[in-house]
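The values are calculated or read from the model by the stated rules, or taken from the named source; none is laboratory data. These numbers were taken from a predicted model, which means no experiment stands behind them. Cβ placement follows ideal geometry from the backbone for every residue including glycine, while neighbour counts extend to all protein chains displayed. Areas reflect the complete protein model, heavy atoms only, side chains present, ligands, DNA and RNA absent. Shrake-Rupley method; radii C 1.70, N 1.55, O 1.52, S 1.80 Å.
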Amino acid sequence: GAYYSSAGNGHQITFSGEQGELVQLPVNHLRNLASHIITMTTSNRPSMEARAVNTDYKSISQTKLANGILDYYMREKRLENILKVAVENAVVLAAGFIKMEWNATTGEIYDYFPNEETGEPDPNRPIYEGDIEFTNLSPFDVCFDGTKESNNHDWYLVRSFKNKYDLSAKYPEFQEKIEGLETKS
């Protein structure tokens, strides 16, 4: 926005010309261009499709199941929205990341861990179905070896923020230690 003077005055409407007949109105085109790039990139749904390496019946039927699972995650788990946010991060911040992780404490309860003393199922210790979760990460939350010349990195270090009270409920044996932690700020 600092077209005509310093950044402090860069968004003011000024006049120029021989008699002040021209209006100088700074317009930020970057957001407009970025919006068009994002729209052109994400206007078509990503075409992910599983393909069988072999031609036997079992492999072909597994590809139909895999395509159904992909469609489920795109629609129901909002993976398409996660991909759009990653594209926007890539356009604005030069990199967009998606973290995929297994959450063992989501879904419906299908069993209970046994009580250590009696061996009977303990209703206070459920076993859940679990499911995959997707999270957008900014380049400020991902660290990797930037000196490698290829994108085939050996490791990534990812920072994720979690609610400490949710974590203490998930891990009651560490409740006192978790709730004593500092907040993010």
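Structure above, values below:
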| item | result |
| --- | --- |
| Selection status of Gly68, open to solvent by less than 90 Å² (accessible area, probe 1.4 Å), out of contact with any strand residue (DSSP E or B) (no Cβ under 6 Å at 6 or more places or on another chain) and at pLDDT below 90 | no |
| Near pairs, Cβ below 8 angstrom, 6+ apart or cross-chain, from the range 48-62 (without any contact (Cβ under 8 Å) to a residue 60 or more places away in the chain) to any residue that is part of a helix (DSSP H, G or I) and open to solvent by 90 Å² or more (accessible area, probe 1.4 Å) | Ala50/Gln62; Ala52/Gln62 |
| Single residue of Ala66, Ala50 found to be of a type in the set (A, V, I, L, M), touching a Leu at 6+ places or on another chain (Cβ under 8 Å) and farther than 29 Å from Phe140 by Cβ | Ala50 |
| Wholly within the range 111-185, strands (runs of 3 or more DSSP E) carrying at least 3 residues that are surrounded by 11 or more Cβ atoms within 10 Å (Cβ to Cβ) | 121-128, 131-137, 142-144 |
| Selection status of Tyr72, free of Cβ contacts under 8 Å to residues at least 12 places away in the same chain, among the aromatic types (Phe, Trp, Tyr) and on the phi < 0 side of the Ramachandran plot | yes |
| Leading residue by the ranking (farthest from the chain's Cα centre (by Cα)) among those in the range 42-56 that are assigned to a loop (DSSP other than H, G, I, E, B) and under 17 Å from Ala90 (Cα atoms) | Ser43 |
